[in-house]
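Data first, discussion second: the structure below is written as structure tokens.
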Amino acid sequence: MMADNKINYGKLDPRLLDVLACPITKTALTYDEAAQELISKKAKLAFPVRDGIPIMLVEEAREIE
């Protein structure tokens with residue numbers, strides 16, 4: 001059935017967390033669903049997720065503490 005393959009464009013596919021890494025530190029990322037961001041704790045950066053698509057460009061990231 002096609003219902004099993006339904007795409008939710010507002011959410012990040014959890015399988016992406018298994019393959020994505022911080023472009024600077026190459027470390028794992030955590031997903032903040034409320035803020036729609038992927039967090040690199042080591043680089044202290046938050047990468048936006050727009051319409052379920054991670055934007056992994058350093059110039060698009062915001063600094064975090």
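The values are calculated or read from the model by the stated rules, or taken from the named source; none is laboratory data. Predicted, not measured: the structure shown is a model, and the values here were computed from it. Cβ: placed from backbone, ideal geometry, glycine included. Neighbour counts: every protein chain shown.
Looking only at the range 42-54, which residues are loosely packed, with under 14 Cβ neighbours inside 10 Å and at pLDDT 95 or above?
Hit for the range 42-54 is LYS42, nothing else.
Of all residues in the range 14-25 being surrounded by 13 or more Cβ atoms within 10 Å (Cβ to Cβ) and within 12 Å of the chain's Cα centre (by Cα), which is modelled with the lowest pLDDT?
Filtering first and then ranking leaves LEU16.
I'm trying to understand the selection: among the residues of the range 22-65, which are assigned to a loop (DSSP other than H, G, I, E, B) and either of a type in the set (Phe, Trp, Tyr) or in contact with a Phe, Trp or Tyr (Cβ under 9 Å, 6 or more places away or on another chain) (or both)?
Of everything in the range 22-65, those that are assigned to a loop (DSSP other than H, G, I, E, B) and either of a type in the set (Phe, Trp, Tyr) or in contact with a Phe, Trp or Tyr (Cβ under 9 Å, 6 or more places away or on another chain) (or both) turn out to be CYS22, PRO23, LEU29, ASP51, GLY52, ILE55, MET56, LEU57, ALA61.
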